[in-house]
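Here's the structure we're looking at; comments come further down.
The values are calculated or read from the model by the stated rules, or taken from the named source; none is laboratory data. These numbers come from a predicted model, not from an experiment. Positions of Cβ are backbone-derived with ideal geometry, glycine not excepted, and every protein chain shown enters the neighbour counts.
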Amino acid sequence: MWSSDSRRLALATRLSYSSLPSTGDDACWEVDIATRSVRHWSALSVADAEYIAALVAATPAADVDAVVNGRQALADPPMGMGGGQVMARAWMLAPGLVSSWAGETLSLAQGSEVRVLSDACATVASPVAMRNGGQLIVVTRKDGRFEAIRVHDGQHRVHTLEMPATASLLSATVDGRVWCRLDANDGSWLYVAGRDASDVTSPLVLNRHLAEIRRPRAREVERTSSDGKRLTGVLMTPTSTPAGTRSPVILWAYPNSVPRLDGWLSRLNDDSAITYPFQYLLAQGFAVFQAPLPMLDRPDAAEPLDYVSGLILPWLGVLDQQPEVQAGQYGFWGHSDAGYVALALLATTDRFKAIAAASTFPDLAATLYSARLPFQTLDCAAHLIQTDRWYYEADTQRYRVGGSLWRNTERFVRNSALFRLEHATTPTLLMVGEYDAVPRSMEQVYSVLHGKGVPVELAYYWGEGHMISSPENLHDLWTRSEQFFRRNLWLS
């Protein structure tokens, strides 16, 4: 966070991964750009470290010590989902004015005075500077209501927003309107702006290129695991083909995600339908199957790479029996943690005809999460910088290896797909952004497969990070994925 004169930079840090909310090495650093001087403050928790950073940025340099030392320190709230993410943020609203969110409580600090703006918060959107002065903060409460909080000259006013019950918060705008996501009757997501339910203006419908495509046909498919648990996946078939047509299937599985008939995969206008190519593949005649991937109960002794492969492969036998499916014609498309599944299948089986892996982690030991990109900082604490540690050292991670790289090197190697490709034969498509966490490892996978004579293609997206986001690159990702599967799967 920068001070208002753009001279000082305050940086919240955490130097280790841990299942505990606070590890004792949380801190805030202040750098004066002009003098190159550096100051350091220890923090009670990761939430407290970010709060200190906001206080430092909002306070004149001469007064920082007194303000930081006199603060009401913040303890970490309970961890949220996503591998240990702490639900905590802090913002400098104006010189001397700071807002903090920790768990269910959103507060405003001005000097030594701290007052609660809202309690029972489920989500808090980042403050937006209003054209006529002040800041607007929009909160989703645990009871589902929205609150718009206007902060101006140290004072605040809270307004309850009468939004539809199916709306979910996105953000606010400089003119005071609130953008939210609305569940429409046709199964799509609509983005709307308004102050209340009667103030809905020009809904923004995404994916207009699929405007004539109906919501995919979807049904549940079940199997019983070897330990007697019932697992449920969702099979979607393209609406562009007559009912009863047998289609090749593209599988997808993300750790601990729960397949649902009304989930984002079957919503034509969900934002994830843009990031991933599944809606496009459905429109091109492929079926899509979302498989469950329960990782919470994985025994510590179970090797993550073989474990995820063992959860996915049994679904192929089940899908072979489905009347909408071309038996044996299977592809897999995975991004990030789902991309790890793709590479695990590449390393352990030849039952897939084509595998696409995007922005993933072929070498666990190389997945060093530093301060290079904001998205890399989310797994221990929201927007806090993680330096000099390995992502999979965290025992809260989905593919946790156990122990540190230095003490458990062999297990890190065994569960890295890069070092398990000796039997790989499946045609592979690799996709990665220039500024992703470990693009070099994706290049190494390409080199290994190419050297073995395995059909492989690497798409390098310049200017992109972990998520491919520019329209041209997204269009390439969709069409490249479709053409890859069309070359390797039989499509009637």
inquiry  = Could you check segment 64-83 and list, in sequence order, the residues that are at pLDDT below 90 and exposed (fewer than 11 other Cβ atoms within 10 Å of the Cβ)?
reply    = PRO78, MET81
query = Pairs, please: C-beta under 6 Å, at least 6 apart or cross-chain, first residue surrounded by fewer than 15 Cβ atoms within 10 Å (Cβ to Cβ) and in segment 166-180, second part of a loop (DSSP other than H, G, I, E, B) and of a type in the set (Lys, Arg)?
reply = VAL174/ARG131
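For segment 374-386, does any single residue satisfy the condition of being at pLDDT 80 or above, in contact with a helix residue (DSSP H, G or I) (Cβ under 7 Å, 6 or more places away or on another chain) and not charged (D, E, K, R)? It would help to see each step written out before you state the result.
At the first step, the residues of segment 374-386 found to be at pLDDT 80 or above are none.
Among the residues of segment 374-386, not one is at pLDDT 80 or above, in contact with a helix residue (DSSP H, G or I) (Cβ under 7 Å, 6 or more places away or on another chain) and not charged (D, E, K, R), which makes the answer no.
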inquiry  = Out of GLY228, GLY176, GLY194, I need the residue that is modelled with pLDDT of 85 or more and farther than 17 Å from SER272 by Cβ. Which one?
reply    = GLY228
message = From the list GLU30, GLU50, exactly one residue is surrounded by 14 or more Cβ atoms within 10 Å (Cβ to Cβ), in contact with a strand residue (DSSP E or B) (Cβ under 8 Å, 6 or more places away or on another chain) and part of a strand (DSSP E or B). Which is it?
response = GLU30
message = Whether any residue in segment 315-323 is under 21 Å from the mean Cα position of the chain (by Cα) and outside any loop (DSSP other than H, G, I, E, B) is what I want to check.
response = no
ask   = Only one of (1) buried (at least 19 other Cβ atoms within 10 Å of the Cβ); (2) part of a loop (DSSP other than H, G, I, E, B); (3) at pLDDT 85 or above fails for TYR280. Which number is that?
value = (2)
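Could you list, in sequence order, the residues of segment 409-467 that are of a type in the set (Lys, Arg) and either free of Cβ contacts under 8 Å to residues at least 60 places away in the same chain or closer than 12 Å to ILE355 by Cβ (or both)? Write out each step before concluding.
Of all residues in segment 409-467, those of a type in the set (Lys, Arg) come to 411, 414, 420, 440, 452.
Scanning segment 409-467 gives a single hit, LYS452.
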request  = Go through the residues of segment 446-458 one by one and say whether even a single one is surrounded by 18 or more Cβ atoms within 10 Å (Cβ to Cβ) and touching a Lys or Arg at 6+ places or on another chain (Cβ under 9 Å).
outcome  = no
ask   = Is one or more of the residues making up segment 335-350 under 22 Å from the mean Cα position of the chain (by Cα), at pLDDT 95 or above, among the hydrophobic types (A, V, I, L, M, F, W, C) and part of a strand (DSSP E or B)?
value = no
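State the number of residues belonging to segment 197-225 that are of a type in the set (Val, Ile, Thr) and either under 24 Å from the mean Cα position of the chain (by Cα) or modelled with pLDDT of 65 or more (or both).
First, pick out the residues of segment 197-225 that are of a type in the set (Val, Ile, Thr): 200-201, 205, 213, 221, 224.
From what is left, the residues that are either under 24 Å from the mean Cα position of the chain (by Cα) or modelled with pLDDT of 65 or more (or both) are 205, 221, 224.
Matching residues across segment 197-225 total 3.
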inquiry  = Quick test for you: out of SER469, SER441, pick the one residue that is within 21 Å of the chain's Cα centre (by Cα) and not in a helix (DSSP H, G or I).
reply    = SER469
Complete set of residues in segment 95-119 that are surrounded by 15 or more Cβ atoms within 10 Å (Cβ to Cβ) and at positive phi = GLY96, GLY103
ask   = closer than 23 Å to ARG487 by Cβ, buried (at least 22 other Cβ atoms within 10 Å of the Cβ) and touching a helix residue (DSSP H, G or I) at 6+ places or on another chain (Cβ under 8 Å) - does that describe any residue in segment 293-311?
value = no
note = Only one of (1) closer than 22 Å to PHE352 by Cα; (2) more than 25 Å from the chain's Cα centre (by Cα) does not apply to ALA301, and that is (1)
request  = Just give me the residues in segment 324-334 being more than 20 Å from the chain's Cα centre (by Cα) and modelled with pLDDT of 95 or more, in sequence order.
outcome  = VAL325, GLN326, ALA327, GLY328, GLN329, TYR330, GLY331
task = Go through segment 409-426 and give me each residue that's outside any helix (DSSP H, G or I) and over 27 Å from the mean Cα position of the chain (by Cα).
result = LEU421, GLU422, HIS423, ALA424, THR425, THR426
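Restricting the search to segment 244-276, which residues are in a strand (DSSP E or B) and touching a helix residue (DSSP H, G or I) at 6+ places or on another chain (Cβ under 9 Å)?
Taking segment 244-276 as the starting set, the residues that turn out to be in a strand (DSSP E or B) are 247-252.
Result: PRO248, VAL249, ILE250, LEU251, TRP252.
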query = Checking TYR399 against (1) modelled with pLDDT under 80; (2) of a type in the set (Phe, Trp, Tyr); (3) in contact with a helix residue (DSSP H, G or I) (Cβ under 8 Å, 6 or more places away or on another chain), which test does it fail?
reply = (1)
